[in-house]
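The values are calculated or read from the model by the stated rules, or taken from the named source; none is laboratory data. This structure is a prediction, so every number in the text was calculated from the model and none was measured. Virtual Cβ from ideal backbone geometry, glycine too; neighbours counted across all protein chains shown. Side chains included, ligands, DNA and RNA excluded: accessible areas come from the protein's heavy atoms. Shrake-Rupley method; radii C 1.70, N 1.55, O 1.52, S 1.80 Å.
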Amino acid sequence: MEYTQLTPAAGQGECRDINLPGLLLRSSSFETRLSMSGCGERERHIFVFLSNLRGEGKLNGKRLDEGLVAVCGAQPFEVVSPPMDMVGMTIARDLLDGYLESAEGLVAPGWMDDGVHFVGNSEATRRAGRMIKALMTSYYDDPFATGEGEGRQALAFSVLDILVPILIDVEAERDHHLSNRYQIVRRTREYILDRIDEPLQISEICRELGVSRRALQYSFQDVLGLNPVAFLRILRLNRARRDLVRTERSLQVKDVIDRWGFWHPSRFSCEYKQMFEELPSETLRRCRAAA
């Protein structure tokens, strides 16, 4: 990581490291505004407890808050930091994965696969940061007490004992949010299907379900990987195809276009072909020939 001092000061602060098997600990205190840039590594996770911020900061352009930040995988990061205190750790992925499996019977949470995450600023998170800093202080005061081999490994596991419950709590909270978002998607789907032949607007759906447009957007992205407008269009395309496949003798493509609210025939044909790899007229002709 590269540090650049941004404001005048007699010194940047202090930084002390403890190198343990599979785990690097760093305690830092900065007395000036800094730019810190770097990049994570594919086989390591970085976790940083931030505290005592004395001014505003940014993490990859977003507001920097006190709490726990995680850099998972080979992700670049750019921090503009006010004077503050940090307790950070770089953990080998296989060490953390092995600890989660042996001590908790869990696999690493999915959100830790990649990305720069603000994990949270709960009292438990703040307490965990203080406990790890206290362990580091004890080591600085008497490094020989830890010794080599098993003692250093025990210190590494003591740090994981403190960190991992925070990660598990975050995963549980994310699961709760995902469950809520699944319910929003389910209710939206039911509402749309009950009125599939009506020209629905997203604002109307939000109003009827009592959710914000942003909540609806996030729910669909998390659960289905697409936005609600695209989902509504896909449902109508599928209903249009269902009508064409039924091969009613009097049915024409234009009837399906009118029934399902597609205002532009050429756009409908284009979107239909992208979805089903044939034109609507080809579906109608093929199904009638097979009838």
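Strictly greater than 26 Å: what percent of every Cα pair in the chain meets that?
60 percent
Run the simple label-point estimate for Ala74 and Asn227 please: 7 Å along Cα→C-beta, distance reported in nm.
3.1 nm
Quick one: if you stick a label point 7 Å off each Cα along the C-beta vector at Thr32 and Ala134, how many nm between them?
3.4 nm
Mind checking which aspartates and glutamates have their C-alpha under 17 Å from Lys58, skipping anything on the same chain fewer than 8 residues away?
Reachable aspartates and glutamates: Glu2, Glu31, Glu66, Glu78, Asp85.
Over the chain, what is the relative contact order in whole percent, taking alpha-carbon pairs under 8 Å and six or more residues apart? Please list the in-between numbers first.
Working: 409 pairs, mean separation 36.4, N = 291.
Answer for the chain is 12 percent.
Which order do Leu59, Leu25 take by accessible area at a 1.4 Å probe, largest first?
Leu59, Leu25
Run through the stretch 222-290 and list the chymotrypsin sites (Phe, Trp or Tyr not before Pro) located in a DSSP loop whose Cβ has at most 16 other Cβ atoms within 10 Å. List each step's numbers first, then the result.
Details: sites: Phe231, Trp260, Phe262, Trp263, Phe268, Tyr272, Phe276; in loops: Trp260, Phe262, Trp263.
Passing both the DSSP loop test and the Cβ count: Trp263.
Only four residue types carry charge here, +1 at the Cβ of Lys and Arg and -1 at the Cβ of Asp and Glu. Report the dipole size of the chain about the Cα centre in Debye, rounded to the nearest 20. Each step should come with its number before you reach the end.
Numbers: 38 positive and 42 negative charges, 382 e Å.
That gives the chain a dipole magnitude of about 1840 debye.
Within the chain, what's the longest run with no GluC sites (Glu not before Pro) in a DSSP loop and at most 12 other beta-carbon atoms within 10 Å? Give the range, please.
That gives 149-247 as the longest site-free run.
With a 1.4 Å probe and all protein chains kept in place, how much accessible area does Ser102 have, in Å² rounded to the nearest 10?
About 100 Å², ignoring ligands and nucleic acids.
Within the stretch 152-166, name every residue whose backbone N is under 20 Å away from a label modeled 7 Å from Cα of Val107 along the Cβ vector.
Answer for the stretch 152-166: 164-165.
List the residues, sorted by chain then number, that are 5 or more residues from Arg33 or on another chain and whose placed amide H is less than 5 Å from its amide H.
Leu6, Thr7
Of Leu167, Ala128, Tyr3, whose Cα points farthest to the positive end of the dipole of the chain (charges on the beta-carbon: +1 Lys, Arg; -1 Asp, Glu; origin at the Cα centre)?
Leu167
For the pair Arg214 and Gln252, what calculated FRET efficiency results from E = 1/(1 + (r/R0)^6), where r is the Cβ-Cβ distance and R0 = 25 Å, to the nearest 0.05?
Here the calculated transfer efficiency is 0.05.
Hey, got the dipole for the stretch 52-173? About the Cα centre, +1 on K and R Cβ, -1 on D and E Cβ, debye to the nearest 20? Could you put the intermediate results ahead of the total?
Values: 10 positive and 20 negative charges, 107 e Å.
The dipole magnitude comes to about 520 debye.
Fully extended, how many nm does the chain gain between Asp161 and Glu41 (0.36 nm per residue separation, minus their Cα-Cα distance)?
40.9 nm
With every protein chain left in place and a probe of 1.4 Å, what is the accessible surface of Tyr191, to the nearest 10 Å²?
About 20 Å², ignoring ligands and nucleic acids.
Check each of the trypsin sites (Lys or Arg not before Pro) in the stretch 232-272 and keep only those in coil by DSSP with at most 14 other C-beta atoms within 10 angstrom; list them in order.
Filter output for the stretch 232-272: Arg246, Arg249.
When the chain is fully extended, how far beyond the present Cα-Cα distance does Glu171 get from Asn19, taking 0.36 nm per residue of separation?
Here the answer is 51.9 nm.
Tell me, what is the FRET efficiency for Ala9 and Ala124 to the nearest 0.05, using R0 = 45 angstrom and their Cβ-Cβ distance as r?
The formula returns an efficiency of 0.85 here.
With the dipole of the stretch 192-291 worked out from charges on the C-beta (+1 for Lys and Arg, -1 for Asp and Glu) around the Cα centre, which of Cys270, Val211, Ser281 lies farthest toward the positive end?
Projecting each Cα onto the dipole axis, the largest value belongs to Ser281.
Gln153 to Ile234: extension gain in nm, 0.36 nm per residue of separation minus the Cα-Cα distance? Numbers along the way, then the final one.
Numbers: separation 81, 0.36 × 81 = 29.16 nm, distance 5.43 nm.
This chain segment gains 23.7 nm when fully extended.
Using 7 Å Cα-to-Cβ label points, what is the Gln201/Ala289 separation (nm, one decimal)?
Inter-label distance under the simple model: 4.4 nm.
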